[in-house]
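For reference, the structure is listed below as structure tokens.
The values are calculated or read from the model by the stated rules, or taken from the named source; none is laboratory data. Please read all numbers here as calculations on a predicted model, not as lab measurements. Neighbour counts run over all protein chains shown; Cβ positions are idealised from the backbone, glycine included. All accessible areas refer to the heavy atoms of the entire protein, side chains included, with ligands and DNA or RNA removed. Shrake-Rupley method; radii C 1.70, N 1.55, O 1.52, S 1.80 Å.
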Amino acid sequence: MTSQSPDQPIIMPPSAARTTTLLANLAAVTSRITSATTKASLPTPPRLVAVSKLKPASDILALHDSPAGQVHFGENYTDELLAKSRLLPLTIKWHMIGGLQSNKCKALARDTRALWAVESVDSEKKASLLDKGWSERKPEVGGQEKLRVFVQVNTSGEESKSGVEPGEEVVALCRFIVTQCPRLRLQGLMTIGAIARSKATTPENENEDFLCLKEVRGRVNKELGLEGEAQLELSMGMSSDFEGAILQGTDEVRVGTTIFGDRPPKDQATVL
């Protein structure tokens, strides 16, 4: 695993006890993912995004540089993601999973080192700004030819949730990204869903939000003529319901507190 470059500030490792806890938590989550994958008869396990928001860079580096070699990490706040990406190795694959602010989209795409995906696109304006920012990206910040994006869908219909409404609005935004944003790659659809439905998710009780997202994906694939490898992924499932999401065929789960533990208040969190 690639370590920090010489010109980066030194990140002090977490305590031995903290490292042991992090690695044990990651191993437990990975084991549960493997078990659910087998139960669902899926050919491969879904991608695990370790949601590291409000956790120090040392926690991330401990998991990334461990034998487990966790690669995908998710952040909710643009400024925090930018700061961490400057400190940590280019071998990390960053996911922006939090709500997007239009005035930060361009810098997010342009300046985030090793940005792998933005999972919370919910408007044509934000997609266009990400596309513009990617066009100004310099090679030294790393990244692929196109920026992967997921369209966030508000499957629960809650006013407090970001995302476009299921139906034609999703299709229109996906079509806009495919036809009008040449530097973006439409990777899939993402949902957060209702907390109550999340807590009620069991192998016997399917999550309505997950069912909705699967139906929306089928519609978008059909209306945009997406076939084979071009078909959209699903990003759904978090700490409380990721096994249920796997049983419903998700391609990616986003797990935070089960790996990192409870988060501090935002005003008390530090990057270093």
Once amide hydrogens are built 1.01 Å from N within the peptide plane, the residues lying 5 or more places from Met236 or on another chain with amide H under 5 Å from its amide H are Asp251, Glu252
Sequence order, region 20-34: Karplus ³J(HN,Hα) from phi using 6.51 cos²θ - 1.76 cosθ + 1.60, θ = phi - 60°, Hz rounded, Gly and Pro as x, gives 4, 5, 4, 5, 5, 5, 4, 4, 5, 5, 4, 5, 5, 5, 4
Sorted by chain and then number, the residues having a modelled amide H within less than 5 Å of the amide H of Val118, at least 5 places away or on another chain, are Met96, Arg148, Val149, Phe150
Treating every alpha carbon of region 1-112 as one equal point scatterer without solvent, the Debye formula yields log10 I(q)/I(0) values at q = 0.09, 0.14 Å⁻¹ of -0.27, -0.64
Computed, not fitted: 222 nm per-residue ellipticity of the chain from DSSP H runs ≥ 4 (each -39500 (n - 2.57)), nearest 500, equal to -12000 deg cm²/dmol
Candidates Ala127, Ala83, Ala196; GNM for the chain (alpha-carbon contacts under 10 Å) flags as most fluctuating Ala196
Any lysines whose Cα falls less than 29 Å from that of Lys222, other than same-chain ones fewer than 8 residues away, would be Lys39, Lys125, Lys126, Lys132, Lys146, Lys161, Lys214
Heads up, region 100-161 by the C-alpha gyration tensor (a ≥ b ≥ c square roots of eigenvalues; a/c under 1.5 rounded, else a/b over b/c prolate, else oblate) looks prolate
Among the Cα-Cα pairs of the chain, the proportion with separation greater than 36 Å, in percent, is 11
The size of the Cβ-based charge dipole (Lys, Arg +1; Asp, Glu -1) of the chain about the Cα centre, to the nearest 20 debye, is 640
Of all DSSP beta bridges with both partners in the chain, the antiparallel percent, nearest 5, is 5
Once phi for every residue in region 135-151 is put through the Karplus expression 6.51 cos²θ - 1.76 cosθ + 1.60 (θ = phi - 60°), the whole-Hz ³J(HN,Hα) values, with Gly and Pro written as x, are 5, 9, 6, 9, x, 5, 8, x, x, 8, 4, 10, 8, 6, 9, 10, 8
Taking Lys and Arg as +1 and Asp and Glu as -1, residues besides Gly225 with C-beta under 15 Å from its C-beta add up to +1
Lys146 neighbourhood, Cβ < 12 Å, K/R = +1, D/E = -1, net charge +2
Using a 1.4 Å probe on heavy atoms of the protein chains only, the accessible area for Ile192 in Å², nearest 10, reads 60
Label model pair Arg86, Lys39: point-to-point distance (7 angstrom along the Cα→beta-carbon line) in nm is 4.4
Net charge (Lys, Arg +1; Asp, Glu -1) of residues whose beta-carbon lies under 10 Å from that of Ala269, Ala269 excluded, is +2
Taking only the alpha-carbon atoms of region 157-235, the convex hull volume per residue, in cubic angstrom, is 104
When the charge dipole of the chain is computed with +1 at the Cβ of Lys and Arg and -1 at the Cβ of Asp and Glu, the Cα pointing farthest to the positive end, of Leu23, Met190, Ser235, is that of Leu23
Taking Met12, Met238 and ranking on accessible area (1.4 Å, protein atoms only), highest first, one gets Met12, Met238
